[in-house]
2 protein chains.
Amino acid sequence: MKSDLDRLMLDAALDALLVVGGSIHNPAMYYFTGGIHLLRGFLIKKRGEAPVLFHPSMEREEAARSGLAVRDLSDFAWNGVLHRAGGERLAQLLAALDVRGRVAVFGRIDVGPLLACLDALREHRPEIELATEFEAQEVLARARATKSEEEVERIRRTGRATVEVVGNVADFLTSHRARHGVLVNQHDEVLTIGEVKRRVNLWLAMKGLDNPEGCIFSVGRDAAIPHSTGIDSAPVETGKTIIFDIFPCEARGGYFFDFTRTWVLGEASDEILAAHRDVLEAYQVARSSIRQGVVCGEVQLAVCQSFEARGHPTVRTDAKTTSGYVHTLGHGVGLDVQEQPFTRPEDKTTAFAGGMVFTIEPGLYYPERGLGVRLEDTVWLRPDGILETLADFPMDLTLRLPGA
Amino acid sequence: MKSDLDRLMLDAALDALLVVGGSIHNPAMYYFTGGIHLLRGFLIKKRGEAPVLFHPSMEREEAARSGLAVRDLSDFAWNGVLHRAGGERLAQLLAALDVRGRVAVFGRIDVGPLLACLDALREHRPEIELATEFEAQEVLARARATKSEEEVERIRRTGRATVEVVGNVADFLTSHRARHGVLVNQHDEVLTIGEVKRRVNLWLAMKGLDNPEGCIFSVGRDAAIPHSTGIDSAPVETGKTIIFDIFPCEARGGYFFDFTRTWVLGEASDEILAAHRDVLEAYQVARSSIRQGVVCGEVQLAVCQSFEARGHPTVRTDAKTTSGYVHTLGHGVGLDVQEQPFTRPEDKTTAFAGGMVFTIEPGLYYPERGLGVRLEDTVWLRPDGILETLADFPMDLTLRLPGA
């Protein structure tokens with residue numbers, strides 16, 4: 001949590017954090033400023049002190065809305081544009097707050113101008129050391145990994161709107177009927193994946209959500225490739241697995257939610273039913289393994305064992321497998337759709353802790369059989385130890401079509 | 001244009017470009033990959049050679065859709081995660097293509113892990129020099145500043161959808177009536193700015209557009225602060241200037257459009273009418289000054305002179321003024337909503353050239369009088385010298401209310 005920052009900075013021997021860029025779709029800045037409309041800026045947080053936001057003069061009103069201490073960049077004869085000359089100006093900002101020692105840099109911005117700027121900063125303020133090692137960089141990620149109740153409430157709100165849209169999509173699909181293995185509407189027009197995604201965007205917008213990365217709606221063989229998003233012009237086929245993975249955020253880059261269901265329109269084959277059952281079983285294994293203090297990677301191990309016991313290859317038995325269980329169990333969700341904690345098996349230290357919000361998303365993929373199944377919920381490990389699903393939706397596999 | 005890259009790289013003595021990150025809302029990568037759904041990757045373009053895209057194994061199908069030459073990161077025992085260890089891996093990618101000499105780095109990603117990665121790269125491949133100076137960084141921006149016909153067509157399509165939404169908003173506003181200086185609906189409920197913006201997002205989504213930075217819909221005194229976006233809970237007031245600035249992009253971070261109109265609901269005061277007339281005059285001055293070969297900053301000068309001749313302060317007479325004409329005339333529009341060319345008066349070299357797509361957006365702002373006016377079109381300077389407005393919409397100031 002944000003209140004952990006000073007302690008985490010001390011652990012990493014950091015004297016200050018420097019956050020660069022605007023607040024929009026820039027998680028590190030948004031974390032401090034909230035959802036204001038700041039196109040450019042700098043935030044400096046010294047250890048033990050409140051952060052200070054430096055803003056272009058034109059954006060003074062937006063900056064003030066953040067509630068942070070603010071300084072106008074025009075007092076430094078500067079509008080905040082980076083590049084080499086920016087390095088001198090940036091040195092002045094740091095000097096204005098008397099920053100010395102080890103500084104870690106954050107922000108999602110165009111990297112090129114910043115590189116030039118930081119090279120110049122090193123020249124102008126040799127008493128400042130840019131802390132680029134992993135531990136320094138992880139300070140903000142570690143703070144963000146545990147959420148305040150207010151943050152959880154925002155993720156929950158995004159989640160509730162998300163599952164309502166998922167329900168809209170299920171209703172929309174089942175308002176069609178099957179013909180020659182694809183869905184058609186009452187005029188016998190084939191329903192395409194592109195049309196489904198267009199509706200998803202519309203329904204998300206109606207709920208005030210952004211969908212910056214689009215969603216995954218992939219059918220059959222495409223569903224068997226975890227990151228394939230589905231081809232817009234392709235028809236929605238019946239009898240095959242559909243992976244619908246949706247991960248919108250609050251407008252202008254606020255808190256995300258991440259959610260997946262696998263559906264079959266009409267009848268599912270025994271093979272698909274078995275895969276779905278095995279994924280559901282792995283999902284339950286994961287849920288029952290997650291407790292405060294349990295190392296994240298151990299849950300990944302338990303899930304691999306569950307799949308292996310049912311005869312599936314996993315990344316544990318073959319790191320390069322593209323069949324079976326081919327990814328890790330999940331990831332944190334917050335201002336990034338994927339953030340700390342990660343359930344990487346090689347990470348032997350990161351443990352589940354109260355306040356974490358993360359996904360549980362086991363899956364099975366068989367490209368050669370045109371089959372993919374993934375089930376994903378976003379959950380909150382509450383400080384009291386209870387694992388709360390932030391937005392509920394049935395795990396049912398088959399969607400019944402009219403007349404079937 | 002992309003075909004200028006090799007020449008621009010030679011001018012800047014660059015041997016290769018390294019683009020880092022996914023393709024979504026990452027203009028430098030999108031420029032090469034197009035709108036594929038790549039979450040992580042690297043692209044290396046050596047001078048005189050076609051670019052090569054390195055992708056995580058899970059995203060192999062999306063990567064292939066780019067039509068680029070591709071390499072799987074798993075061949076380098078790597079999934080593309082940065083930080084220090086990434087530096088060694090990145091060195092291997094560069095070695096695989098036998099890259100030597102001066103390399104400029106591009107991409108909009110979290111800067112911290114990249115800094116560590118590049119420090120390690122410098123250690124592992126001392127024969128590579130990271131070119132961070134302004135000229136090297138500008139290579140991509142300069143190529144992107146002139147658009148191919150295909151790029152223009154995408155901006156035009158975004159523009160046409162945008163002005164349709166602007167028309168929807170005008171119709172929506174005038175479907176209300178005035179009561180006590182604010183708009184109310186048929187149930188006497190006050191229309192808020194937040195509700196207008198919600199509709200904008202909805203109508204944009206229906207047209208398949210993203211609105212990553214939101215829009216500006218600011219009234220009265222807020223309109224007089226150029227970057228104030230409007231307060232969601234505030235009512236839509238009559239008789240005051242409303243600045244409506246809308247800048248959506250294609251889904252997942254494609255080409256943008258940028259457009260502004262200023263409206264008054266009901267009667268406009270003489271003061272507002274005069275300001276609108278003066279902005280329109282400046283707009284015409286700008287249009288008639290823009291020709292191939294004219295330095296961009298000179299057009300800004302002409303616009304300042306037009307405003308000054310009508311008694312308005314400008315940034316030319318007082319660089320820190322917050323009244324009158326307080327910004328520059330415009331900017332390029334493409335994969336960034338603001339990109340090259342900029343009409344900065346201090347830039348004595350950048351000239352308008354055939355293929356450029358940019359905004360013309362003069363404005364007048366008087367915070368103490370609660371008045372702001374801005375008019376903005378996105379135009380294309382065609383190779384044949386004609387200045388084409390990419391999406392037309394009337395410049396009318398007043399929106400008539402029913403019964404008025």
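Of everything in segment A:133-150 that is crowded, with 21+ Cβ neighbours inside 10 Å and either of a type in the set (A, V, I, L, M) or in contact with a His (Cβ under 9 Å, 6 or more places away or on another chain) (or both), the residue that is nearest to A:Thr378 (Cα to Cα) is A:Ala145. For segment B:7-37, a residue qualifies if it is polar (S, T, N, Q) and in contact with a Ser or Thr (Cβ under 8 Å, 6 or more places away or on another chain), and the qualifying residues are B:Ser23, B:Thr33. Taking segment B:132-227 as the region of interest, the strands (runs of 3 or more DSSP E) fully inside it that hold 3 or more residues being within 12 Å of another protein chain (Cβ to nearest Cβ) are B:216-219.
Name the single residue, out of those in segment B:228-257 being assigned to a strand (DSSP E or B) and of a type in the set (Asp, Glu), that is nearest to B:Thr378 (Cα to Cα).
Looking at the filtered set, the residue picked out is B:Asp245.
The set of residues from segment A:308-333 being away from chain B (no Cβ under 14 Å) and touching a residue at least 60 places away in the same chain (Cβ under 8 Å) comprises A:Gly332, A:Val333. Determine if segment B:217-235 includes at least one residue that is over 17 Å from the mean Cα position of the chain (by Cα) and more than 23 Å from A:Leu39 (Cα to Cα). Within segment B:217-235, one or more residues are over 17 Å from the mean Cα position of the chain (by Cα) and more than 23 Å from A:Leu39 (Cα to Cα). Residues in segment B:107-131 that are in contact with an Asp or Glu (Cβ under 7 Å, 6 or more places away or on another chain), open to solvent by 10 Å² or more (accessible area, probe 1.4 Å) and more than 8 Å from chain A (Cβ to nearest Cβ): B:His124 alone. Of all the residues in segment B:235-267, those that are farther than 18 Å from B:Glu339 by Cα, at pLDDT 95 or above and within 14 Å of chain A (Cβ to nearest Cβ) number 1.
Residues of segment B:392-404 that are open to solvent by less than 20 Å² (accessible area, probe 1.4 Å) and either among the basic types (Lys, Arg) or touching a Phe, Trp or Tyr at 6+ places or on another chain (Cβ under 7 Å) (or both): B:Leu397 alone. Going through (1) within 22 Å of B:Ile155 (Cβ to Cβ); (2) open to solvent by 10 Å² or more (accessible area, probe 1.4 Å); (3) assigned to a helix (DSSP H, G or I) one by one, B:His276 falls short only on (1). Within the set B:Gly214, B:Gly254, the sole residue that is of a type outside the set (Val, Ile, Thr), free of Cβ contacts under 8 Å to residues at least 60 places away in the same chain and under 29 Å from B:Leu335 (Cβ atoms) turns out to be B:Gly214. For segment A:193-206, the condition of being within 24 Å of A:Thr33 (Cα to Cα) and crowded, with 18+ Cβ neighbours inside 10 Å holds for at least one residue.
Among the residues of segment B:109-123, none qualifies, meaning not one is in contact with a Pro (Cβ under 7 Å, 6 or more places away or on another chain) and either without any contact (Cβ under 8 Å) to a residue 24 or more places away in the chain or not polar (S, T, N, Q) (or both). Of the listed requirements (1) in contact with a helix residue (DSSP H, G or I) (Cβ under 7 Å, 6 or more places away or on another chain); (2) more than 30 Å from A:Ser148 (Cβ to Cβ), A:Gln305 misses just one: (1).
The values are calculated or read from the model by the stated rules, or taken from the named source; none is laboratory data. Remember, predicted model here, so these are calculated numbers, not experimental data. In this analysis, Cβ positions are derived from the backbone assuming ideal geometry, glycine residues included, and neighbour counts consider all displayed protein chains. Areas reflect the complete protein model, heavy atoms only, side chains present, ligands, DNA and RNA absent. Shrake-Rupley method; radii C 1.70, N 1.55, O 1.52, S 1.80 Å.
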